[in-house]
1. Place a +1 charge on the Cβ of each Lys and Arg in the range 11-69 and a -1 charge on the Cβ of each Asp and Glu, then give the dipole magnitude about the Cα centre in debye, rounded to the nearest 20.
2. In nm, give the distance between the simple-model label positions of Lys129 and Val117, each being 7 Å from the Cα along the Cα-to-Cβ direction.
3. Suppose a student asked you for the relative contact order of the range 35-98, using Cα pairs under 8 Å spaced at least 6 residues apart; what percent would you report?
4. Let me check against my output: what whole-number percent is the relative contact order of the range 2-227, with C-alpha pairs under 8 Å and at least 6 apart?
5. Would you mind checking Lys62/Lys100; Lys32/Lys204; Lys24/Lys181; Lys81/Lys107 for any pair whose Cα atoms are more than 20 angstrom apart?
6. Residue by residue through the range 25-41, which ³J(HN,Hα) values in whole Hz follow from phi under the Karplus form 6.51 cos²θ - 1.76 cosθ + 1.60 (θ = phi - 60°), with glycine and proline marked x?
7. What shape does the range 1-121 take by its C-alpha gyration tensor, where a ≥ b ≥ c are the square roots of the eigenvalues and a/c under 1.5 counts as rounded, a/b above b/c as prolate, and the rest as oblate?
8. Order of 75-87, 95-107 by packing, highest average Cβ count within 10 Å first?
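No value in this document is a laboratory result; all are computed from the given coordinates. Model, not experiment: these values are computed from the prediction. Please note: Cβ atoms are built from the backbone with ideal geometry, for glycine as well, and neighbour counts cover all protein chains shown.
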Amino acid sequence: MRVHFIQHVPFEHPAYLLKWIKQKGYTHSITKMYEPYVFPSPDELDVLIIMGGPMGAYEEDKYEWLKSEKQFIKETIDAEKKLWGICLGAQLIADVLGSKVYPHKQKEIGWWPIKKVQDHPLTKDLPDKFTTFHWHGDTFDLPAGAIRLFESEACAQQGFLYKNNVAAVQFHPEVEEDLLKSLSIHDRAELVPAPFIQTEDEMKNALPKHIEAQHEYITSLMEAFINTK
């Protein structure tokens, strides 16, 4: 299994997903959008995982490379490869599928619960409600033909599945200590008092309580997704 990542900034890396890939014996490669980049051909990969980032999917005027990334995402979808988006990755997939992406009325940062919207083979081994890690300020409209999978109190669009080979989540089940720390350092300006924004200490102190469950959630999701026909 050949897994390819798109990483938008140095401090939002694949985290636990790299350990999962190693455990499975898969190979991986990474296109880093903050360095000179060349996308592989869709024929050279089996799974594309698109990571998060602080930019908006709609900020093509500020980040010109978003245009070429969206074109690559479209080509990979058209090639019927498996695509998985996390946070910004989810928003970019939604954009490519024709949906609107826009700033949400509430930022959601920290450990917050989400719940399954409906039963589906992709999520069958997950609890009906579970706490996971969030760091996002944008949201999107559900793409036409997609199945909505998750929601939270702050945000209705927490994840979807499209045609069994394209999936996306707003939350960060790949989180590990180093990812949480780097997000806190680089995006600290976002940690202001708000209904769904936790403090840096609150996020850090809750990590030991939740981290093992996150490994179980991301493993369950990825393996069900890869095996979905």
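1. Dipole magnitude for the range 11-69 comes out near 420 debye.
2. 1.8 nm
3. 46 percent
4. RCO, the range 2-227: 20 percent.
5. Too far apart for the 20 Å limit: Lys32/Lys204; Lys24/Lys181; Lys81/Lys107.
6. After applying 6.51 cos²θ - 1.76 cosθ + 1.60, I find x, 7, 9, 8, 9, 9, 9, 9, 6, 8, 10, x, 10, 9, 6, x, 6 Hz.
7. Because its axes are fairly even, with a/c under 1.5, the range 1-121 counts as rounded.
8. 75-87, 95-107
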